[in-house]
1. What percentage of all Cα-Cα pairs in the stretch 318-476 are separated by more than 28 Å?
2. How far apart, in nm, are the 7 Å Cα→Cβ label points at GLU182 and THR69?
3. Which length gain, in nm to one decimal place, applies between ASP410 and LEU203 when the Cα-Cα distance is subtracted from 0.36 nm times their residue separation?
4. Determine the gain in length on full extension of the stretch ARG384-ALA20; use 0.36 nm per residue of separation and subtract their C-alpha separation, reporting nm with one decimal.
5. So for the stretch 1-105, what percent of the C-alpha to C-alpha distances run longer than 20 Å?
6. Could you rank the peptides 69-76, 277-284, 234-241 by their average count of other C-beta atoms within 10 Å per residue, with the highest value first?
7. Diagonalise the Cα gyration tensor of the stretch 82-153 and give the resulting equivalent ellipsoid semi-axes, square root of 5 times each eigenvalue, largest first, whole Å.
8. Can you give me the Rg/Rh ratio for the stretch 271-360, using Cα atoms for both radii and the Kirkwood formula for Rh?
Amino acid sequence: PVVTSDPFATGRNYFTRPSAEEYEDEDAMDDRDEILEDMAELKRLAQDYLQPERPVAVDALASCRNYFTRPSAPEQEDFAEAEERAMILADAQALKKLAVDYLHPEKPVVTTDPCATGRNFFSRPSAEEYEGEEDAAERDQILAESAQLKKLALDYLHPELPVVTSDPLATGRNYFTRASAEDYEDESEAEERMRVMADASALKRLAMDYMHPEKPIQSDGFAMGRNYFSRYSAEEQEDKDTMDEREDVLHDALLLKKLAQDYLQPERPVQADPMLYGRNYFTRPSAPTSEEDAERALILADAKALKQLAVDYLHPEKPVVTTDPCATGRNFFSRPSAEEYEGEEDAAERDQILAESAQLKKLALDYLHPELPVVTSDPFATGRNYFTRPSAEEYEDEDAMDDRDEILEDMAELKRLAQDYLQPERPVAVDALASCRNYFTRPSAPEQEDFAEAEERAMILADAQALKKLAVDYLH
């Protein structure tokens, strides 16, 4: 959102301004709403694309049901289709895991089996004969050269890394001042060598600054400089027009830099001067008057009143709220200017109407909120069974009783489903004694795979694990 530090900043609606054109028709309003929704969706997609680390926002009231276990679902699939679907889902899950491992090679290898072990490929019992001494020496030399090349590559990519040695007693000597060194170079060669070393040091510093632009600029505390334009050997000063143009160019460059930063980082807040303020263009003293102002204010007041009525209609349980602490009311029927009091029949009828209205309001509340418990204010209120009352008809037979029990169970289940549908945020209640069994290891399950298939599956998994290890070693 647009953020400003000025609490008095205001804005106006482009479509409801006094100078706006006539209001658009319903089709144009629908098209505009659809365009605005698409723009909001595109903005959200752009933010998700630029900031993939943001979490996925889910509506707490969103709910769903299982496509395969819905009441209107067709008959369940047979064993072959179920086995094929389980295989497809397992392959999809394995592909997802491989994709995650490929995109994040820095993630460690995780296993849930603490007893999982591995063996050496070269020293396994079924391995081929061991290589000879020459082959072993050559392999060791190749591995040592690979480690040395890896170290050289790291030093080349990171020249800022210090030189590390594991021998604390290692020392070095100066190549030019050693005992067996040749004669000292003359003064010209020494100066040239110093110039070459200085150039190499400057190139190293430039390479480090190029590889790490985020590093701050280090400067000597005693370093100083002079102005290029006001030096003694400078050319004549530029005229006023050129100076103004140069300042305009620098100001435009500064604004372009700020726009580029805002474009690359849209999440940055808008910074405003706290002393900055503005006034409303339409309510200024010198603004022209319009006859549509009163009509627009009337329309907005009507819309606000309609919104309040709609809220009161949807939530009849909300109390009547007023902001005036001195507001009072009087009874319409007992006011001094009221007509003659109604007769006894009219009073009874009015009481009956009010009682029915209160009962209808209570029914509406119970319909909108089925989770509310049944409340009674009479502690001595009791009830009797409709089917076992003294004036009941003869008892039903056993089949009718079974049907009635089944209907009551279905109604209780429908009530529970209705509550779960209206309140998807409620937790799923599970019986502590509920249990399940494995589909593949049940007594009626088909025979397990044979030894050949099990060995082939183990071989495929081992190859996949080896390929994963090679990919990690290749990336690191």
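1. Numbers: 8701 of 12561 pairs.
So the pairs more than 28 Å apart make up 69 percent of the total in the stretch 318-476.
2. Going by the 7 Å Cα→Cβ label model, 8.7 nm.
3. Computed gain between ASP410 and LEU203 is 66.2 nm.
4. Details: separation 364, 0.36 × 364 = 131.04 nm, distance 6.93 nm.
Value of the extension gain: 124.1 nm.
5. Details: 4085 of 5460 pairs.
Percent of Cα pairs beyond 20 Å in the stretch 1-105: 75.
6. On the way: 69-76: 7.2, 277-284: 10.2, 234-241: 8.8.
The peptides rank, most packed first, as 277-284, 234-241, 69-76.
7. Working: eigenvalues 271, 90, 31 Å².
Rounded to whole Å, the semi-axes are 37, 21, 12.
8. Details: Rg = 23.8 Å, Rh = 19.5 Å.
Ratio value, two decimals: 1.22.
The values are calculated or read from the model by the stated rules, or taken from the named source; none is laboratory data. Note that this is a predicted model, so its numbers are computed, not measured. Don't worry about glycine lacking a Cβ; one is built from the backbone with ideal geometry, like all the others, and counts go over all protein chains shown. Just the protein is used for accessible areas: all its heavy atoms, side chains included, with ligands, DNA and RNA removed. Shrake-Rupley method; radii C 1.70, N 1.55, O 1.52, S 1.80 Å.
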